[in-house]
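Structure record follows, encoded as structure tokens.
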Amino acid sequence: MGAMMGGGVGLTIGFIFGSWSIIRHGAGPRGFMATLSQYMLSSAATFSFFLAIGSVIRSDSQTMIPPHLQALQLQLASADPVLRSKFQGAQLMRARWEQERKRQQPSSN
């Protein structure tokens with residue numbers, strides 16, 4: 001994906017700067033199309049090379065899942081539902097407090 005984006009950006013920048021150079025200095029002995037295509041292809045190759053390297057570095061993980069889908073996967077995989085009513089939350093809190101009290105009480109043997 002980075003190489004494709006870099007190629008598109010490079011072609012555009014090569015067209016702009018190549019056209020400007022041809023307007024200012026002339027096409028040269030090779031002609032207009034050969035000079036413009038050289039600017040465009042060299043710029044596209046340079047941009048696509050560096051953007052491809054950047055995209056490989058950024059996506060250097062085991063799973064190629066986008067971050068928003070990873071968050072959704074974690075949310076759906078959790079045992080506890082994320083949204084609860086106030087009553088359910090209060091019941092859960094009371095149950096946890098009761099467990100904590102039982103754990104803190106010394107056992108009498």
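Annotation note: Cβ proximity below 6 Å between a residue of segment 54-66 that is within 15 Å of Gly2 (Cα to Cα) and a residue that is modelled with pLDDT of 70 or more and not in a helix (DSSP H, G or I) (sequence gap 6+ or interchain) occurs for Ser55/Met1. I need a count of the residues in segment 14-30 that are surrounded by fewer than 11 Cβ atoms within 10 Å (Cβ to Cβ) and at positive phi. Adding up the residues that qualify gives 1.
Hey, can you tell me all the residues within segment 26-61 that are at pLDDT below 90, in a helix (DSSP H, G or I) and of a type outside the set (A, V, I, L, M, F, W, C)? Selection gives Gly54, Ser55, Arg58.
Among the residues of segment 76-99, is any modelled with pLDDT of 70 or more, touching a helix residue (DSSP H, G or I) at 6+ places or on another chain (Cβ under 9 Å) and part of a helix (DSSP H, G or I)? Scanning segment 76-99 turns up no residue that is modelled with pLDDT of 70 or more, touching a helix residue (DSSP H, G or I) at 6+ places or on another chain (Cβ under 9 Å) and part of a helix (DSSP H, G or I).
The values are calculated or read from the model by the stated rules, or taken from the named source; none is laboratory data. Since this is a predicted model, take the numbers as computed values, not measurements. Reconstructed Cβ throughout: ideal geometry from the backbone, glycine too, with neighbour counts over all protein chains shown.
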